[in-house]
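I have placed the structure first, in the form of structure tokens, so that the comments after it can refer back to it.
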Amino acid sequence: MKEIELKLQGKIKRLTNQTFKFDKRVGEGWFSAVYFLKTREIVKEFCPENIVTMQFFQRNHAVLCGTDEVIALVKTFANNPEGLEIHSLQDGDKISPFETVLTIAGPYEDFGYLEGIIDGILSRRTSVATNVYNVVKAAGDKPVIFMGDRDDHFTQQAGDGYAAHIGGSTAQATHAMNEWWGKEGMGTMPHALIQLFNGDVVEAAKAYYKKYPEDDLIVLIDYNNDCINDALRLAREFGDNLKGVRVDTSRTMIDHYFIQNTHVLGTFDPRGANPELIFALREALDSEGYNHVKIVVSGGFNEERIKEFEERKVPADIYGIGGSLLKINIGFTGDNVLLNGEPQAKAGRRFRPNPRLEKVD
């Protein structure tokens, strides 16, 4: 049983290193800035056993993520972790600019070298969670598929998938993205499958359906840059068994529909999976009775583009999004703000108590 299930059942309060599987070299200082390592050695020799309170914050309205990971990191690699006092918010909490999200109190030499790693975890996880939250909110009740496998290094998939889950995405492209929170990745076919059937989308779909009959059949229809005609060919072939079509037209391409219907041009940008193409696709499917076929759109979508689609009531049913969700745009800062219980911090920083913080067992 995954730890996330135990947490949801109330049997554990936080995910642990059983989920995160940290690189053991963290404890050797391999991932810490060298000046933190040097400071630890200086403190050990010249001013040991001073109790510092380290406080973490950021500067945006955001969806917090990474606290379980940070707490597990500290418990795994701090010296005498049982002697530290940790207070934290929870993953998924909405946070405000400069709000304290985490404090750690104890001898600096026991945990101080982890400061930069903690900042990095909170920054990446909170950025992804917040990005996903914003697009999910923009999409309303429509599903958002997290498709970030090709937009970053594969080693980030488990953590990014968890952060996307915290942000509200319930469908993700790879098994790894689901590792910390879910079960399996989801998806149907890439363009490569259609290529292997010489560009015949119907034959590719037949092979897919024969091999995976239990899957919902959702087929890419932009391979030939003729979305509407290929969608109708598929619908006529599969009928009720065709559950959806996906439009992934490049932003540098203009679908054949507009070349065949030049009278509609002149008032909009016809490139990519644009609103007019989706309106036309929906109308074509409905006119032949294929109202049940859902439309998935992907390719360069972000919060602003989804808002545009929703404001115009474009009949897209599902959004597939990748790279825009992985932008790291929220930075965390860790500051030592108390020394042996008394205020001591760099200019411009001060201890900011937060009654929302929970003491970590």
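The values are calculated or read from the model by the stated rules, or taken from the named source; none is laboratory data. Values in this document were obtained by computation on a predicted structure and should not be read as measured data. Quick reminder, even Gly has a Cβ in these numbers, built from the backbone with ideal geometry, and neighbours come from all protein chains shown. Quick note on the areas: whole protein, heavy atoms, side chains included, nothing else; ligands and nucleic acids left out. Shrake-Rupley method; radii C 1.70, N 1.55, O 1.52, S 1.80 Å.
Summary table below
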| item | result |
| --- | --- |
| Electrostatic dipole magnitude of the range 229-361 [Cβ: Lys, Arg +1; Asp, Glu -1; Cα centre; debye, to 20] | 660 debye |
| Euclidean distance between Cα centres, the range 318-360 to the range 143-180, Å | 23 Å |
| Potential extension, ASP216-TRP30 segment - 0.36 nm per residue separation minus Cα distance | 62.4 nm |
| Share of Cα-Cα pairs in the range 242-316 lying beyond 21 Å, as whole percent | 25 percent |
| Relative contact order for the range 73-143, counting Cα pairs under 8 Å that sit 6 or more residues apart, in percent | 29 percent |
| Equivalent-ellipsoid semi-axes of the range 97-146, from the Cα gyration tensor, Å, largest first | 33, 11, 7 |
| Förster radius 35 Å - calculated FRET efficiency between LYS137 and VAL202, Cβ distance, rounded to 0.05 | 0.40 |
| Pairwise FRET efficiency - SER250 versus ILE51, Cβ, R0 = 56 Å, nearest 0.05 | 0.45 |
| The range 202-361: relative contact order as a whole-number percent, Cα under 8 Å and 6+ apart | 17 percent |
| Distance between modelled label sites at GLU41 and GLU237, nm, 7 Å Cα→Cβ extension | 6.7 nm |
| Radius 13 Å from Cβ of ARG246, net charge of other residues (Lys, Arg +1; Asp, Glu -1) | -3 |
| The range 1-41 - Rg (one decimal) and Dmax (whole number), Cα, Å | 15.4, 43 |
| ARG349 accessible area, 1.4 Å probe, all protein chains in place, Å² to nearest 10 | 60 Å² |
| Coarse-grained scattering of the range 196-329 at q = 0.17 Å⁻¹, given as base-10 log I(q)/I(0) from a Debye sum over alpha-carbon atoms | -0.93 |
| Highest-MSF residue in the chain out of ALA205, ALA105, ALA347 [GNM, Cα springs under 10 Å] | ALA347 |
| Distance in nm between pseudo-label sites at HIS175 and LYS21 (7 Å out along the Cβ direction from Cα) | 1.1 nm |
| Relative pair counts by distance (%), Cα atoms of the range 133-269, 10 Å bins | 11, 31, 34, 21, 3, 0 |
| Listed residues VAL101, VAL202, VAL128, most fluctuating in the chain (Gaussian network, C-alpha, under 10 Å) | VAL202 |
| Shape of the range 304-361, Cα gyration tensor, a/c cut at 1.5 | prolate |
| Environment charge of PHE98, counting only residues whose C-beta is closer than 9 Å and scoring Lys/Arg +1, Asp/Glu -1 | +1 |
| The range 5-69-the range 226-249 distance, computed between alpha-carbon centres (Å) | 49 Å |
| Relative contact order (%) - the chain, alpha-carbon pairs under 8 angstrom, separation at least six | 21 percent |
| Convex hull of the chain built on C-alpha atoms - directionally averaged projected area, nm² | 21.7 nm² |
| Kirkwood Rh, angstrom, the range 1-122 [1 / mean 1/r, Cα pairs] | 15.3 Å |
| Shape category assigned to the range 49-91 from the gyration tensor of Cα positions, a/c cut at 1.5 | oblate |
| The chain: most fluctuating residue of ALA163, ALA273, ALA192 per GNM, C-alpha cutoff 10 Å | ALA192 |
| Calculated [θ] (222 nm, deg cm²/dmol) that DSSP helices of n ≥ 4 give over the chain, each run adding -39,500 (n - 2.57) | -10500 deg cm²/dmol |
| Long-range Cα-Cα pairs in the range 211-268 (distance over 19 Å), rounded percent | 38 percent |
| Calculated over the range 13-61: convex hull of Cα atoms, volume per residue (Å³) | 178 Å³ |
| Radius 11 Å from Cβ of LYS327, net charge of other residues (Lys, Arg +1; Asp, Glu -1) | -2 |
